[in-house]
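K.L.:
Dumping the structure here so I can ask a few things about it.
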Amino acid sequence: MRRLLEIGRGDRVRPRPAWSLHRQVALRPEPFGAMLYHFGNRKLSFLKNQIVVTILRSLADHPTARSACVAAGIGETSLPTYQKALAALARTNMICPREAA
């Protein structure tokens, strides 16, 4: 699994390619956050973090996952937490590199 954000020399974050929701994934707003459903593999994910929902909604509008996180107000110290969340969604094919979407 390719990492969405990679730590480079001097602990700088290097962005990976653009990401988006997989074309077979529906994001449905809910009072607790949102639900993601993948119609291809039938996986269901519950998102309780509203910031993650905001990031997912804006992924297609940004050149990298990192820029989507920054636009959502994520600081450098919190970036690894959101990196892990996005990586988990990538592992289940909820998000994918934009070329593959």
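K.L.:
I'd like the full set of residues that are farther than 10 Å from Trp19 by Cα and acidic (Asp, Glu), limited to the range 47-92.
P.N.:
Across the range 47-92, the qualifying residue is only Glu76.
K.L.:
For the range 1-42: of the residues being within 15 Å of the chain's Cα centre (by Cα) and among the small types (Gly, Ala, Ser), which is modelled with the lowest pLDDT?
P.N.:
Selected residue: Ala18.
K.L.:
Of the residues that make up the range 91-99, is at least one under 12 Å from the mean Cα position of the chain (by Cα), open to solvent by 30 Å² or more (accessible area, probe 1.4 Å) and not basic (Lys, Arg)? Break it down stepwise before answering.
P.N.:
Initially, the range 91-99 is screened for residues under 12 Å from the mean Cα position of the chain (by Cα), giving 91-98.
Then keep just the ones that are open to solvent by 30 Å² or more (accessible area, probe 1.4 Å); that gives 91-93, 98.
From the residues that got through so far, the ones that are not basic (Lys, Arg) too are 92-93.
Yes, there is a match, as at least one residue in the range 91-99 is under 12 Å from the mean Cα position of the chain (by Cα), open to solvent by 30 Å² or more (accessible area, probe 1.4 Å) and not basic (Lys, Arg).
K.L.:
Name the residues in the range 59-82 that are in contact with a helix residue (DSSP H, G or I) (Cβ under 9 Å, 6 or more places away or on another chain), of a type in the set (Ser, Thr, Tyr) and open to solvent by 40 Å² or more (accessible area, probe 1.4 Å), would you?
P.N.:
Ser78
K.L.:
Search the range 49-101 for residues being outside any helix (DSSP H, G or I) and in contact with a His (Cβ under 9 Å, 6 or more places away or on another chain), and hand back the single one that is farthest from Gly33 (Cα to Cα).
P.N.:
Ranking the qualifying residues of the range 49-101, first place goes to Ala101.
K.L.:
Here's another thing I want to ask about it. Looking only at the range 22-48, which residues are more than 18 Å from Gln83 (Cα to Cα), free of Cβ contacts under 8 Å to residues at least 40 places away in the same chain and part of a strand (DSSP E or B)?
P.N.:
Result: Ala26, Leu27, Arg28, Pro29, Glu30, Gly33, Ala34, Met35, Tyr37, Leu44.
K.L.:
Kindly list the number of the only condition in (1) under 11 Å from the mean Cα position of the chain (by Cα); (2) open to solvent by 80 Å² or more (accessible area, probe 1.4 Å); (3) at pLDDT 95 or above that fails for Val53.
P.N.:
(2)
The values are calculated or read from the model by the stated rules, or taken from the named source; none is laboratory data. The structure displayed is predicted, hence computed values, not measured ones. Every residue, glycine among them, receives a Cβ derived from its backbone with ideal geometry; neighbour counts consider all protein chains shown. Surface areas here come from the heavy atoms of the whole protein model, side chains and all, with no ligands, DNA or RNA. Shrake-Rupley method; radii C 1.70, N 1.55, O 1.52, S 1.80 Å.
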